[in-house]
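K.L.:
Supplied in structure tokens, the structure appears directly below.
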Amino acid sequence: MKSVGKAVFLAVLVGLASGCGWRSIPQALNTVEATVAEMTNQYKRRADLIPNLVATVKGYAEHESETLEAVISARAKATSMTIDPSNMNAEQIQQFQAAQGGLSQALGRLMVVAEAYPNLKADRNFRELQAQLEGTENRITVARNRHIESIRNFNNLVTVPPESWTNSIFYNHEKMTQWTVDEGERGRNEVAPAVKF
């Protein structure tokens, strides 16, 4: 009879622990790390498209060297920044976002320049690269939104009872800094070419 009582007590204890963040907090942390990886993978995909895009534009618009150099420089800065999900802080996130935003703005200016060159706009390689870049920008947005959501879920687990009690007893995780979309990352949308009739 005592063994049945112990088994019931252990079952209730395990049930309470599992409902109080015992597993959900580490799972949420794993999700945050996975979404960082997904997001940085999409940023890398964008950076990998840029050399071909610059080479294609250069073939048609050689005297736009200032714009091309700005894109290359922004790409170099963006690819030199990395995010460590286990050690993210507000300053690291801000620097990463600023570098990615700078690249977005430089690409926006490049696309505006491309509008002035009808032969470039008609080039098949340019159109394909532009479509891939646009698709990648969409993937970045989706990945960033998933990451923001995963941080929100993690923060809820470590700050809202009863999971926060489990966190304070067993894990002691701090609330993570949330990502935002700053002006730099919105840059491409703000430099859209003017439509003339």
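Throughout, read-outs are computed from the coordinates displayed, never taken from laboratory work. Bear in mind that the values here come from a model prediction, so they are computed numbers and not experimental data. Neighbour counts run over all protein chains shown; Cβ positions are idealised from the backbone, glycine included.
K.L.:
Can you sort 23, 45 by how many other beta carbons sit within 10 Å, fewest first?
P.N.:
If I rank by nearby Cβ atoms, fewest first, I get 23, 45.
K.L.:
Quick one: Cα convex hull volume of segment 45-181, Å³ per residue?
P.N.:
96
K.L.:
Sorting 72, 50, 169 on the 10 Å Cβ count, fewest up front, what's the list?
P.N.:
169, 72, 50
K.L.:
Ok, one more. Using the Cβ atoms and a cut-off under 11 Å, what net charge is assigned to the surroundings of residue 136, where Lys and Arg are +1 and Asp and Glu are -1?
P.N.:
+1
K.L.:
Still on this model: Which GluC sites (Glu not before Pro) from segment 107-173 combine a DSSP loop assignment with at most 10 other Cβ atoms within 10 Å?
P.N.:
none
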